[in-house]
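The values are calculated or read from the model by the stated rules, or taken from the named source; none is laboratory data. Predicted model, so just to flag it, every value in this text is computed and none were measured. A quick note on method: Cβ atoms are made from the backbone with ideal geometry, for glycine too, and the neighbour counts reach across all protein chains shown. Just the protein is used for accessible areas: all its heavy atoms, side chains included, with ligands, DNA and RNA removed. Shrake-Rupley method; radii C 1.70, N 1.55, O 1.52, S 1.80 Å.
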Amino acid sequence: MVTAPRLEHPENADNFLPDPGSFRAAFTEVNITPRVSQEHPLYLQGLAGPPRPASSVTLPLMMQLLLIEDDHHSRVLMVAADLFGFGHEMVQGVRSAASQWGIEPEAIILNASHTHYAPGTVSHTVKYLGPYYEAYARAVLDHISRNLSKLYYGLEECNISWGKVEAQVGVNRRLKKNGAVQFAPNPDGYYETHTPFILLDLRETRQKLVLVNHGCHPTGLGPENTISADYPGYFRKALTSSGQVSKVMFMQGALGSSKESRPSEREKSFSSGSKDAERNGELLAKQLAQSIQKELTPVSGPFFCLNLKAELPLKPLPDQNSLDQLLKNHRANPMAREWAGKLLKAFPEGKYPNQMALPVQLISMGGEVTFLTFPAEPVAELGKIIREAVPRPDSTFILGCTNGLLAYLPSDQVISEGGYEAETSAFTYLTPSPFDLGTEPGIVSTVKNLQRASADEQTAGYGRYHLTGRKGKAFFVLSTGRCGTMTLAHLLDIAENARVWHHIQPDFIDEALQAYWGNIDQEGTFWKARYTVIHKAWSEGLIHGETDHLMTQFADVLAEIIPDSKFLVLTREPGGFVRSGMRRNYYVGHPWDRGRLRPREGLREFESWRELSQFEKTCWLWDKTNQSILEFKDKISPDRLLAVRFEDLTSDISKSEEIFNFLELKGFDQAKAEAVFSLKLNAQKTGQFPKADAWPDDLILKLSEMCDETAAKLGYHHVHERKG
């Protein structure tokens, strides 16, 4: 719970915090169209009938990534992709990658357009829909992970505003006839026409980006066996061509009971070809273009993000004997047979679940715009009910097919009426059972709880950690690297009262060099990168810890801006470090060479340094880094710094306990500590360079000339004697 209305931070915090209520954003777009060939056929997911391979590409599959940062450096990642769905493995992978950037699961939106003309990316769907392509799903995940750095460093000031339009490109597909619900066009059925959007005006690049939320199945190509982004892709193409905006993100909504229709016909019928999908995309673009020109409502204020689980009732299942008979009935629906087989295997004793936990996510932007997400296909009727239950219905985005794709999500009325969405869709997603009556109030209750949490500033969560008002403790490891910092991170993470990172992102590769040269605002750079992460730890009463050697050049500033911080100096004898650096190709091709310490160009020292050999440059690096550490050691109070040699840490387990005590960490466990050391994490396994005792005399002499004086101050005496 929040204990203070204002944050606690250094007195000169205005130097690193943006203007109150402001946003920064970065956008990128990636083509994720898989290769199609006769040698490598790709089966489409979600088409009616048996799976069939794609013969061509009608409209490329694209993915848009948007990172937005508020005025306290809380960041929200939004991804819109032309996929059938984001499978569980993809969601977990993105969350893992984003966590290294301090972005928590509740601040991530992975929205699939749910096009049925794409390869399978959801592993738990019935095989009759088409195969799951693990390699393709992993490739999409890799694209997202690789672009996180680009987004972070591309953040720029932006204005955000929201608007809405009533739009329709489809028709309700639940037609009541002869007392039953048929899968057919129902012009009188409910269709979610409310289409909210946000417009981002990027100041530096002068791009205008619009994010649009509309709910309708992208199944407009009918029986075509071609890869296509369907109407969302045509919509993006048409809207950007209008000149109104630079980039477009389509976010799928409450689509569960809506399907594309032919726009030109008076009597509604389902779309059945690329031309239909293209006209639908152009129609949606035309409707949006008119609304974008109108006066929009500005958005300001911080993010608040929260996830809650809705416990939803499931219908009772038939007994095991009935399921076994269904499984063996070769005339039965193949999807129903696969479903029965899965249940019998998963629950051999017949104890079937009577509930399903469905995660519901809320992201609030300044309390003015709200995103509600569901890892399912909400029917349009439920979308209407949810919108009526929120305080700001016009500016609420209801996002289906987001952060997973578990099931269809019906309203209670749809459940009572029956039909595909309420009954047989359980076969499609292989869920234990269809949802039962009570699903609707379960969803609405969860949404209302999220809304109450959003409105109550006393509710803690992502985006509000700084409001706890807590000033906490932190520690940082100062080193050259290649001295067990990854092992140390795992060792210290045993602590019960700390959250310890090794290479948290951004990893300060370039910033460390700029700090060494004195080119950057170290305080602002640090807080921008770590503000949310540190305040989360402090809000939970934890110590924040980092073992990355790249923090070494920030030591002076860290000691000042975090008064309760401590520093652990971890050293390694120079010969071992230099050998490791040589094996890793320091200064001659290592990926981090761009940020590795070196004198600034234009100085006399740089001209001398440039003439050094690779071996000598690596010796210079060890010496210069440790010199700066020793200078810092002389300036800081002794009770805030502990020096430990890597060789002692790995040979004497009591050193680990000494470190725990110094850093005020709780829960030291000798057995766990020994297990960590046995893993030999990040040990050098590649590269050829002999151990120091096999070096020729000239290398021993050069190491001694460049490092002996500093080595002696660190307690290394007569480690490398000259030969002969």
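Reported count of residues in the stretch 696-716, each being open to solvent by less than 70 Å² (accessible area, probe 1.4 Å), part of a helix (DSSP H, G or I) and in contact (Cβ under 8 Å) with a residue 40 or more places away in the chain, is 7.
Within the stretch 326-338, residues that are hydrophobic (A, V, I, L, M, F, W, C) sit with their Cβ atoms under 6 Å from residues that are open to solvent by 50 Å² or more (accessible area, probe 1.4 Å), at 6+ positions apart or across chains, in these pairs: Leu327/Arg337; Met335/Tyr128.
Checking every residue in the stretch 401-409 against the condition of being open to solvent by less than 10 Å² (accessible area, probe 1.4 Å) and closer than 30 Å to Phe632 by Cα gives zero matches. So, Ala81, is that one open to solvent by less than 10 Å² (accessible area, probe 1.4 Å) and either within 15 Å of Phe27 (Cβ to Cβ) or small (Gly, Ala, Ser) (or both) or not? It is true that Ala81 is open to solvent by less than 10 Å² (accessible area, probe 1.4 Å) and either within 15 Å of Phe27 (Cβ to Cβ) or small (Gly, Ala, Ser) (or both). Is it true that Leu597 is touching a Ser or Thr at 6+ places or on another chain (Cβ under 9 Å), part of a loop (DSSP other than H, G, I, E, B) and either open to solvent by 30 Å² or more (accessible area, probe 1.4 Å) or modelled with pLDDT of 95 or more (or both)? For Leu597, the condition - touching a Ser or Thr at 6+ places or on another chain (Cβ under 9 Å), part of a loop (DSSP other than H, G, I, E, B) and either open to solvent by 30 Å² or more (accessible area, probe 1.4 Å) or modelled with pLDDT of 95 or more (or both) - is met. Of the residues that sit in the stretch 169-189 and are in contact with a strand residue (DSSP E or B) (Cβ under 9 Å, 6 or more places away or on another chain) and open to solvent by 70 Å² or more (accessible area, probe 1.4 Å), which one is nearest to Gln287 (Cα to Cα)? Within the stretch 169-189, the match that is nearest to Gln287 (Cα to Cα) is Pro187.
Taking the criterion of being more than 15 Å from His544 (Cβ to Cβ) and open to solvent by 30 Å² or more (accessible area, probe 1.4 Å), the residues of the stretch 487-497 that qualify are His490, Ile494. Among the residues making up the stretch 101-146, a single one is crowded, with 20+ Cβ neighbours inside 10 Å, assigned to a helix (DSSP H, G or I) and not hydrophobic (A, V, I, L, M, F, W, C): Glu106. If the condition is being within 30 Å of His194 (Cα to Cα) and open to solvent by 10 Å² or more (accessible area, probe 1.4 Å), then the stretch 147-159 contributes Glu157, Asn159.
Restricting attention to the stretch 306-327 and to residues that are among the charged types (D, E, K, R) and touching a helix residue (DSSP H, G or I) at 6+ places or on another chain (Cβ under 8 Å), the residue that is nearest to Val360 (Cα to Cα) turns out to be Lys309.
If you go through the stretch 600-629 and keep only what is without any contact (Cβ under 8 Å) to a residue 24 or more places away in the chain and either under 15 Å from Leu699 (Cα atoms) or surrounded by 15 or more Cβ atoms within 10 Å (Cβ to Cβ) (or both), you end up with Trp609, Leu612, Ser613. For the stretch 662-688, a tally of residues being within 17 Å of Ala498 (Cα to Cα) and loosely packed, with under 11 Cβ neighbours inside 10 Å returns 0. Inclusion of Ala289 among residues that are more than 30 Å from Asp412 (Cα to Cα), more than 30 Å from the chain's Cα centre (by Cα) and surrounded by fewer than 19 Cβ atoms within 10 Å (Cβ to Cβ) is warranted. The conditions of being more than 27 Å from the chain's Cα centre (by Cα), modelled with pLDDT of 95 or more, among the polar types (S, T, N, Q) and part of a helix (DSSP H, G or I) are met by Gln413.
Tell me, please, whether a residue that is assigned to a helix (DSSP H, G or I), in contact with a His (Cβ under 7 Å, 6 or more places away or on another chain) and open to solvent by less than 10 Å² (accessible area, probe 1.4 Å) can be found in the stretch 538-548. No, the stretch 538-548 contains no residue that is assigned to a helix (DSSP H, G or I), in contact with a His (Cβ under 7 Å, 6 or more places away or on another chain) and open to solvent by less than 10 Å² (accessible area, probe 1.4 Å).
With the requirement that a residue be among the β-branched types (Val, Ile, Thr) and either open to solvent by 40 Å² or more (accessible area, probe 1.4 Å) or in a loop (DSSP other than H, G, I, E, B) (or both), what does the stretch 498-518 give you? Of everything in the stretch 498-518, just one residue is among the β-branched types (Val, Ile, Thr) and either open to solvent by 40 Å² or more (accessible area, probe 1.4 Å) or in a loop (DSSP other than H, G, I, E, B) (or both), namely Ile504. Here the condition is being modelled with pLDDT of 95 or more and over 21 Å from Met62 (Cα atoms); of Gly256, Gly215, Gly179, it holds for Gly256 alone. Cβ-Cβ distances below 8 Å connect the following pairs, each with a first residue in the stretch 401-417 that is among the acidic types (Asp, Glu), a second residue that is surrounded by fewer than 23 Cβ atoms within 10 Å (Cβ to Cβ), and a separation of six or more residues or different chains: Asp412/Leu437; Asp412/Gly438; Asp412/Glu440; Asp412/Pro441; Glu417/Lys176; Glu417/Val181.
This table checks each residue for (1) open to solvent by less than 40 Å² (accessible area, probe 1.4 Å); (2) part of a helix (DSSP H, G or I); (3) closer than 30 Å to Pro563 by Cα.
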residue: Leu437; (1), (2), (3): no, no, no
residue: Lys448; (1), (2), (3): no, yes, no
residue: Arg452; (1), (2), (3): no, yes, no
residue: His466; (1), (2), (3): yes, yes, yes
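Residue count for the stretch 237-257 under the criterion of being under 25 Å from Tyr43 (Cα atoms) and of a type outside the set (Ser, Thr, Tyr): the result is 5.
Is it fair to say Arg387 is in a helix (DSSP H, G or I) and out of contact with any Phe, Trp or Tyr (no Cβ under 7 Å at 6 or more places or on another chain)? Yes: the conditions hold for Arg387. Looking across the stretch 468-484 at every residue that is open to solvent by 10 Å² or more (accessible area, probe 1.4 Å) and modelled with pLDDT of 95 or more, the one that is farthest from Ala498 (Cα to Cα) is identified as Thr480. For the stretch 376-396, does any single residue satisfy the condition of being charged (D, E, K, R), open to solvent by less than 10 Å² (accessible area, probe 1.4 Å) and either in contact (Cβ under 8 Å) with a residue 24 or more places away in the chain or farther than 19 Å from Ser291 by Cβ (or both)? Yes; the residues of the stretch 376-396 include at least one that is charged (D, E, K, R), open to solvent by less than 10 Å² (accessible area, probe 1.4 Å) and either in contact (Cβ under 8 Å) with a residue 24 or more places away in the chain or farther than 19 Å from Ser291 by Cβ (or both). Only one entry in Leu308, Leu283, Leu312 is within 30 Å of Leu358 (Cα to Cα) and open to solvent by 20 Å² or more (accessible area, probe 1.4 Å), namely Leu308. Inside the stretch 224-253, can you point out the residues that are surrounded by fewer than 22 Cβ atoms within 10 Å (Cβ to Cβ), polar (S, T, N, Q) and more than 21 Å from Gln207 (Cβ to Cβ)? Across the stretch 224-253, the qualifying residues are Asn225, Thr226. Scanning the stretch 519-537 for residues that are part of a helix (DSSP H, G or I) and of a type in the set (Val, Ile, Thr) turns up Thr525, Thr532, Val533, Ile534.
Conditions tested, residue by residue: (1) under 26 Å from His502 (Cβ atoms); (2) under 17 Å from the mean Cα position of the chain (by Cα); (3) modelled with pLDDT of 95 or more.
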position: Ser55; (1), (2), (3): no, no, no
position: Pro60; (1), (2), (3): no, no, yes
position: Gln64; (1), (2), (3): no, yes, yes
position: Val126; (1), (2), (3): no, no, no
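For first residues located in the stretch 201-221 and among the hydroxyl-bearing types (Ser, Thr, Tyr), partners that are surrounded by fewer than 17 Cβ atoms within 10 Å (Cβ to Cβ) and lie 6+ apart or on another chain with Cβ distances below 8 Å form the pairs Thr205/Glu156.
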